[in-house]
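Beneath this line is the structure, given in structure tokens, with notes to follow.
Here, each number is a calculation from the coordinates, and none is a lab measurement. Keep in mind that this is a model prediction, so the values were computed, not measured. With ideal geometry, Cβ positions are generated from the backbone for all residues, glycine too; neighbour counts draw on all protein chains shown.
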């Protein structure tokens, strides 16, 4: 069996929404997730429960197809763990959300990778971390838009003078 890389990939991202909203949004995996980042993979949700989500991603690459099966263990309200097995790369990741105020949440991610069953190569640490930062910046912008949109559509409470 191929060993896990000793390299620990670490990335942080800031989300402009409360922790509970961020947790729900980030762990609501759907087949439309690739549309957010503009990536070219197809996602199929295999299983979803209150404690676990299993999904598969399939993409066409210049070298052929890339397949990844992701098992996410949900640990509300502030963390989840990913175990991913693929033909090119395998990954393990831990995600932790930290409240940084009423409407600011930090996501801290720690990843380890190894070659998949076809013997892919784990890219260099700077390349992986830069790529992850770019993807999570896109997610942060989309989440911010969704959160602001939900805040705009909430009915406002009538002031005391208008209730009478």
Task: Pairwise label distance in nanometres, residue 137 with residue 96, each label 7 Å out on the Cα-Cβ vector - done: 2.5
- [ ] Let me have the 222 nm mean residue ellipticity of the chain computed from DSSP H runs of 4+ only, each contributing -39500 (n - 2.57), with the sum over all residues rounded to the nearest 500.
- [x] -8500 deg cm²/dmol
TODO: Could you work out how far the C-alpha centroid of the range 1-20 sits from that of the range 60-108, in angstrom?
DONE: 7
Task: Inter-label distance, nm, simple model (7 Å from Cα along the C-beta direction), residue 46/residue 7 - done: 2.7
TODO: Could you tell me how many degrees, from 0 to 90 and to the nearest 10, lie between the Cα long axis of helix 125-152 and the main elongation axis, the longest principal axis, of the Cα atoms of the chain?
DONE: 20
Task: Inter-label distance, nm, simple model (7 Å from Cα along the C-beta direction), residue 127/residue 82 - done: 1.8
- [ ] Would you mind ranking 39, 106, 47 so that the residue whose beta carbon has the fewest other beta carbons within 10 Å leads the list?
- [x] 47, 39, 106
TODO: Could you point to the label whose value was computed as P(r) over Cα pairs in 5 Å bins from 0, in percent for the structure here, given (i) 1, 7, 12, 13, 11, 8, 5, 5, 6, 7, 6, 6, 5, 3, 2, 1, 0, 0; (ii) 2, 9, 19, 23, 21, 16, 8, 2, 0, 0; (iii) 2, 8, 14, 19, 21, 15, 8, 5, 3, 2, 1, 1, 1, 0, 0?
DONE: (iii)
- [ ] Go from 0 up to the bin containing the longest alpha carbon distance in the range 47-118, width 5 Å each, and give me the % of pairs per bin.
- [x] 4, 14, 20, 20, 16, 13, 7, 4, 1, 0
Open item on the list: How much length would be gained if the chain were fully extended between residue 24 and residue 103, taking 0.36 nm per residue of separation minus their Cα-Cα distance, in nm to one decimal?
Closed with: 27.0 nm
